[in-house]
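Working notes, structure below.
The values are calculated or read from the model by the stated rules, or taken from the named source; none is laboratory data. Keep in mind that this is a model prediction, so the values were computed, not measured. Neighbour counts run over all protein chains shown; Cβ positions are idealised from the backbone, glycine included. The accessibility values were calculated without ligands, DNA or RNA, using every heavy atom of the protein model including side chains. Shrake-Rupley method; radii C 1.70, N 1.55, O 1.52, S 1.80 Å.
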Amino acid sequence: MKLYEQDNTLTAQHVKADRQADAKVPDGLWHKCPKCGTTILSKQINEFATCPNCHYGFRIGAHQRLKWAVDTYTDLDEDLQTTDPLNFPGYLAKLKASQEKTGLNDSVLTGEAKIKEEHFGFGVMDPNFIMGSLGSVTGEKLTRLFERATAKKLPVVLWTASGGARMQEGIMSLMQMAKVANAVAQHSAAGLLYIVVLTDPTTGGVTASFAMQGDITLAEPHALVGFAGRRVIEQTIHQKIPADLQDAENLQKHGFVDRIVQREHEKELLYQLLKLGGDPSDR
């Protein structure tokens, strides 16, 4: 009986010690890759925020991306603000929280940038701003981006990351798909280059419109790209879909993506493509 009690005491002490040890482990010490399952020490993640095993790019903010994606940039239209057109409950509070978190006025950062001597218009969608959703201000900023680029005869590079249309704005969100697509078409009609970089995730109305209008479509390794989510698809067709159906690699296999590019190589590849694209007046 004494031995049994002693064992229980030791077990309780071990459990208590383990809990104390767990409590001392700081948050954010480890990251788990959602694609390959590799557990990575945070300090092992480089400036590109990629998995060292499978090269998956973790979801990052717009400003963080621009630190390594371009040499210099100027952001524009940061004064635009949504008006909460539907008076959707809690929407203004969610907008304010996202603005404070990301330092953006809405889910895309737009402006003009340079890689070496190549000058271009850019857009970076931020998955940390209400999941990069497409709202009326997002659409307005993107439309102005392409209109400005057309007027100044600049190519455009757009990094997409979105959960789709923003439900809090209803039909006004969906209207942005056609609005931006029209601006992209005018930019294309002027003979100007449009490069899309699909990042994780690019879904919904963004995929159904301007994300698939690029002259050149690049994608980061293992980026989720599709229209509807897995659960919606499976509930609609009443069958399971392949695990890699919406992976960028599968889209490349079926002709939707021109090339998979690791973040470490994006800047140089974009420079080469922009240089080859050139000014249409020189052709």
Scattering profile of segment 165-266 from the Debye formula, Cα beads only, expressed as log10 I(q)/I(0) at q = 0.11, 0.22, 0.23 Å⁻¹, is -0.39, -1.19, -1.22
In units of 2.2 N^0.38 Å, the Cα radius of gyration of segment 87-165 is 1.18
Heavy-atom accessible area of segment 93-165 with neighbours in place, 1.4 angstrom probe: carbon+sulfur share in percent works out to 50 percent
Regression test value, accessible area per residue of the chain, probe 1.4 Å, units Å², expected 52 Å²
Kirkwood-based Rg/Rh on the Cα set of segment 165-210 evaluates to 1.03
Non-local residues with an amide H under 5 Å from the amide H of H222, with H modelled 1.01 Å from N and Pro and chain starts lacking one, are A248, E249
Any DSSP H helix in the chain with Cα axial reach of 15 Å or more and mean Kyte-Doolittle score of at least 0.0? Listed by number, the hits are 170-189
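Provide the percentage of antiparallel DSSP beta bridges, counting only those with both residues in the chain; round to the nearest 5.
Around 50 percent antiparallel, to the nearest 5.
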Rounded to the nearest 5, the percent of antiparallel DSSP beta bridges in segment 154-283 equals 5 percent
Most packed first (mean Cβ within 10 Å per residue), the peptides 214-223, 102-111 order as 102-111, 214-223
Long-range share for the chain, i.e. C-alpha pairs more than 31 Å apart as a percent of all pairs, stands at 34 percent
Computed on Cα atoms only, the convex hull of segment 52-199 has an orientation-averaged projected area in nm² of 9.3 nm²
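Per 0.36 nm of contour for each residue apart, how much would the distance between K67 and R230 grow if the chain were fully extended, relative to their Cα-Cα spacing?
55.4 nm
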Dividing the surface of the Cα convex hull of segment 73-131 by four yields a projected area in nm² of 4.5 nm²
For K152, placing the label point 7 angstrom along Cα-to-beta-carbon and taking segment 102-125, residues whose amide nitrogen sits under 17 Å are 109-124
